[in-house]
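I'd like to ask you about the structure that follows.
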Amino acid sequence: MPVLYRTHRPSKWSEVIGQNHVVDALKESIASKRVSHAYLFNGTRGTGKTTVARIMAHELKTADEDINEIDAASNRGIDDIRALREHVSVLPFSSPYKVYIIDEVHMLSKDAWNALLKTLEEPPAHVIFILATTELNKVPDTIISRCQTFTFRTPTRDILGKQIVSVAKKEGYELDPGAADLIALLGDGSFRDALGMLEKVISSSSDKADSKKITRDAVETITGAPKSELVNKFISSLISKNANEALGVLSKTEGLGISMQIFLTLVLEKMRFILLAQNSADSHAVLKTRVSDDDWQFILIEAGKKILGPEALKILLETVDGVSRARIEALPLELAVVKICQ
């Protein structure tokens with residue numbers, strides 16, 4: 001099976017998702033012939049920085065042989081940058097520009113930064129640098145000041161979910177809403193990671209008779225994500241203030257090696273849906289599209305009790321940071337359970 005994030009990588013401006021503010025600015029600069037000699041693309045992993053850099057290079061009529069991609073994580077020394085400085089002085093083979101895309105640029109050594117700075121200060125007219133980083137704070141101010149900087153937005157779960165559904169459809173698979181939403185959650189704001197997760201799910205489902213239809217249950221099984229039954233039982237226990245049962249669910253979840261951060265995220269989202277459903281009938285149509293049929297029935301049942309208030313969600317929200325920092329991941333959640341069920 002081909003690697004999905006490569007197969008479905010955008011190759012033109014219209015295919016780039018969620019970065020309109022960057023695309024529109026770059027398109028305008030090319031159309032008006034006001035192209036900078038250096039750009040700095042900043043953003044979390046998998047948001048499309050190098051993809052947009054490649055598209056921009058091609059929009060500038062740069063042939064593949066004049067596009068140079070460098071991974072600064074493995075070419076971070078001063079000798080590597082010195083070799084680059086010698087290379088940039090050579091005219092393009094068949095293009096108006098030579099484009100250098102330097103990924104993970106924050107990994108360069110101090111001496112390498114100084115060498116690169118000299119090139120950025122007096123670049124040849126035929127050279128364009130596009131630097132990409134996930135850690136802008138590690139890029140020297142002297143470099144930033146010589147670049148046009150663009151910050152790529154982390155895609156929302158909705159955006160990731162729609163992309164996952166679209167790619168799955170192109171591959172001949174159908175995802176139910178709950179499956180797409182869970183893959184988007186596990187993708188953690190990265191198109192690349194989300195598509196990698198989708199690829200794993202498709203690969204593991206391909207030997208089954210009904211493999212073209214992928215359910216949330218299948219995604220949970222393949223990825224090791226917490227089962228809806230566990231999440232639902234935990235929520236029911238909190239709503240009924242049954243600390244013994246809620247703590248038992250946490251113990252089982254911990255024993256399965258499930259990430260408490262993911263578990264808490266799923267709990268918070270479903271409790272939010274319950275709170276919305278019990279207070280706003282108008283929200284039902286939208287909420288129903290975000291979950292599986294079974295989960296929607298669970299939400300309606302719990303919402304119908306009219307018991308859940310905002311206090312429990314507030315306590316769980318205050319627990320989020322604690323879970324990410326705790327040496328014992330389950331402990332902050334266990335304390336939250338006791339507090340909610342008092």
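The values are calculated or read from the model by the stated rules, or taken from the named source; none is laboratory data. All of these numbers come straight from a predicted model, not from anything done at the bench. Glycine gets a Cβ as well: all are built from the backbone with ideal geometry, and neighbour counts include every protein chain shown.
Count, please, the residues in region 278-299 that happen to be out of contact with any Lys or Arg (no Cβ under 9 Å at 6 or more places or on another chain) and of a type in the set (A, V, I, L, M).
Number of matching residues: 4.
Now for a different question. Given the conditions (1) over 22 Å from GLY322 (Cα atoms); (2) in contact with a Phe, Trp or Tyr (Cβ under 9 Å, 6 or more places away or on another chain), and given that GLU220 satisfies all but one, which numbered condition is not satisfied?
With (1) over 22 Å from GLY322 (Cα atoms); (2) in contact with a Phe, Trp or Tyr (Cβ under 9 Å, 6 or more places away or on another chain) applied to GLU220, the lone miss is (2).
Continuing with the same structure: How many of the residues in region 1-39 are more than 21 Å from TYR100 (Cα to Cα) and either within 19 Å of the chain's Cα centre (by Cα) or modelled with pLDDT under 90 (or both)?
Residues that pass the stated criteria total 13.
Continuing with this model, one more query. On the basis of being within 23 Å of the chain's Cα centre (by Cα), more than 19 Å from VAL320 (Cα to Cα) and of a type outside the set (Asp, Glu), does THR265 make the cut?
It is false that THR265 is within 23 Å of the chain's Cα centre (by Cα), more than 19 Å from VAL320 (Cα to Cα) and of a type outside the set (Asp, Glu).
Could you please find all residues in region 156-187 being crowded, with 18+ Cβ neighbours inside 10 Å and either on the phi > 0 side of the Ramachandran plot or of a type outside the set (A, V, I, L, M, F, W, C) (or both)?
If the condition is that a residue be crowded, with 18+ Cβ neighbours inside 10 Å and either on the phi > 0 side of the Ramachandran plot or of a type outside the set (A, V, I, L, M, F, W, C) (or both), then ARG157, GLY161, GLN163, TYR173, ASP176, PRO177, GLY178, ASP181, GLY187 are the ones that fit.
Please verify whether ILE235 is modelled with pLDDT of 90 or more, within 30 Å of the chain's Cα centre (by Cα) and more than 26 Å from ALA179 (Cβ to Cβ), treating the condition exactly as stated.
Criteria not met by ILE235.
Can you tell me which residues in region 239-263 are of a type outside the set (Gly, Ala, Ser) and under 20 Å from GLN342 (Cα atoms)?
ILE239, LYS241, ASN242, ASN244, GLU245, LEU247, VAL249, LEU250
Here's a follow-up. Against the conditions (1) surrounded by 19 or more Cβ atoms within 10 Å (Cβ to Cβ); (2) over 27 Å from the mean Cα position of the chain (by Cα); (3) touching a residue at least 24 places away in the same chain (Cβ under 8 Å), where does ALA336 fall short? Just the number, please.
(3)
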